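Every number here is computed from the coordinates shown, using simple stated rules; none is lab data. No experiment lies behind these values; they were computed from the predicted model shown. FYI the Cβ positions are ideal-geometry reconstructions off the backbone, even for glycines, and counts take in every protein chain you see.
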Amino acid sequence: MTTTTSPKRILVTGGAGFLGSHLCERLLAEGHQVVCLDNFSSGSLGNIAALLGHPAFSLLQQDVVDPIGLLQVDQVYNLASIASPQLYQRNPVQTLKTNVLGAMQVLDLALRCGARVLQASTSEVYGDPLVHPQPESYLGNVNPIGPRACYDEGKRCAETLFADYQRQHGLSIKIVRIFNTYGPRMLPGDGRVISSFFAHAQQGSGMPIHGDGQQTRSFCYVSDMVEGLMRMMISDAAITGPLNLGNPEEIDVLSLARKIAALTGSAAAPVFRPGQPDDPRQRKPDISQAWQLLGWAPQVTLDNGLSHTHAQLQRTAALATANRQD
Ligand code: NAD
């Protein structure tokens, strides 16, 4: 399947974030016009610096919970939502508002424009899963009053809103459940495990492991994820999801720390900390639907993806040093 279609006008909310900036870049490369909406709560101008001069790129600095105005677009990718547990738990009410009220603003905009709208949902809707790997039919095991609920339940409610706007108004919707994704431009030290391990490896400080380190995760490289999102957006209207996107290659957190220490040549050793409440023990996507419906499967192995990420981090560090010397 190709992700190339006739040029469209596309809104990406959260477009200055990690995933959003890669998506904007790829959409521009495919000849689309891109409007990036962001309030820069976890995203940055630096992430989109290379796009700012592009004639088909424009930036709307605002909160997604506020009315989006008279924008006319053909497609919307709704990515606005802080994804790092450490950051989204600082202001849980704002996190819920972003996920629920933000989804409503985006859905109302899509309805007015007759646009197709894709929701970036999350594997967190499965909570601490009792089924492994997780298929889309699994309804999840989420603690509705725990510290992660502002994100998990916010995303679950957003899925409900998407499904209801389709049932009630006939809106063309797509729901994608994203599993852990990594790559260049992750916010350093935002507490997400790969960015945290790289940051500690670079500093030579102990790599914090919450719990015994035997909890597993599956990590998808960002270019694979962007490809999956774009394939889903242009798929047949009958394919609404929810659809899992992620890399089923599973690794425990302790082995990941050791892998990153070896890759970076760091002497940083694991440092065990108390486990975090509601932290899932196991996480691995069942991606058979993505394969059957979109012909999508990840292409980048964990070893290759970590090497690309490391190389990019080294380039960024070298640039920062050069700038300080100027
Ligand atoms: P990120 O935090 O880097 O990006 C989120 C972006 O949304 C940031 O640019 C932030 O400034 C913006 N934002 C947050 N709240 C906003 C608001 N109220 N109004 C306007 N902009 C707002 O996170 P990411 O990793 O790029 O994630 C992007 C999307 O994908 C999120 O919706 C996230 O929930 C989802 N997701 C990501 C992962 C992952 O592993 N990266 C996994 C599951 C789901």
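To test your reading of the geometry: what angle, between 0 and 90 degrees and rounded to tens, separates the Cα axis of helix 149-169 from the longest principal axis of the chain?
Long axis of 149-169 versus the principal axis of the chain: about 20 degrees.
Between exposed trypsin sites (Lys or Arg not before Pro) in the chain, where DSSP calls loop and at most 16 other Cβ atoms lie within 10 Å, what's the longest gap?
Answer - 91-280.
What lysines could a cross-link reach from LYS284, if we take a straight Cα to Cα line under 26 Å and drop same-chain neighbours fewer than 8 places away?
LYS155, LYS174, LYS259
May I ask you to derive the relative contact order of the chain, considering only C-alpha pairs under 8 Å and at least 6 residues apart, and to give it as an integer percent?
Computed value for the chain: 17 percent relative contact order.
Compute the acute angle (0 to 90°) between the alpha-carbon long axis of helix 222-233 and the principal axis of greatest extent of the alpha-carbon atoms of the chain; round to the nearest 10°.
Helix 222-233 sits at roughly 20 degrees to that axis.
Report, in degrees rounded to the nearest 10, the 0 to 90 angle that the Cα long axis of helix 92-113 makes with the longest principal axis of the chain.
So the helix axis and the longest Cα principal axis differ by about 30 degrees.
Assuming a ≥ b ≥ c are the square roots of the Cα gyration tensor eigenvalues, decide whether region 227-326 counts as rounded (a/c under 1.5), prolate (otherwise, with a/b larger than b/c) or oblate.
On the way: a/c = 2.58, a/b = 1.49, b/c = 1.72.
It is oblate, given that a/c is not under 1.5 and a/b is not larger than b/c.
Just how large is the dipole of region 98-210 about the Cα centre, in debye to the nearest 20, putting +1 at every Lys and Arg Cβ and -1 at every Asp and Glu Cβ?
For region 98-210, the charge dipole is close to 300 debye.
Could you compute the FRET efficiency for GLN276 and ALA297, with r as their C-beta to C-beta distance and R0 at 30 Å, rounded to 0.05?
The formula returns an efficiency of 0.45 here.
For the chain, give the magnitude of the charge dipole about the Cα centre (Cβ charges: +1 Lys/Arg, -1 Asp/Glu; no others), in debye to the nearest 20.
Computed charge dipole of the chain: roughly 260 debye.
Size of the dipole of region 219-295 about the Cα centre, Lys and Arg at +1 and Asp and Glu at -1 on the beta carbon, nothing else charged, in debye to 20?
Values: 7 positive and 9 negative charges, 60 e Å.
Dipole size: approximately 280 debye.
Put +1 on the Cβ of every Lys and Arg and -1 on every Asp and Glu Cβ in the chain; which of LEU71, ASN99, PRO147 then has its Cα farthest towards the positive end of the dipole?
LEU71
Among CYS220, ALA262, PHE179, pick out the residue whose Cα is farthest towards the positive end of the charge dipole of region 172-326, where Lys and Arg carry +1 and Asp and Glu carry -1 on C-beta, about the Cα centre.
Of CYS220, ALA262, PHE179, it is ALA262.
Just grab the label-to-label distance for HIS54 and HIS132, each label 7 Å out from Cα along the Cβ direction, in nm (one decimal).
Each label point lies 7 Å from its Cα, and together they span 4.0 nm.
Name the chymotrypsin sites (Phe, Trp or Tyr not before Pro) in region 9-68 that are in a loop by DSSP and that have at most 15 other C-beta atoms within 10 Å, would you?
When the chymotrypsin sites (Phe, Trp or Tyr not before Pro) of region 9-68 are filtered for loop state and at most 15 Cβ neighbours within 10 Å, PHE40 remain.
I'd like the FRET efficiency for LYS97 and SER172, computed as 1/(1 + (r/R0)^6) with the beta carbon distance as r and R0 of 25 Å, rounded to 0.05.
Numbers: r = 25 Å, r/R0 = 1.01.
Efficiency at R0 = 25 Å is approximately 0.50.
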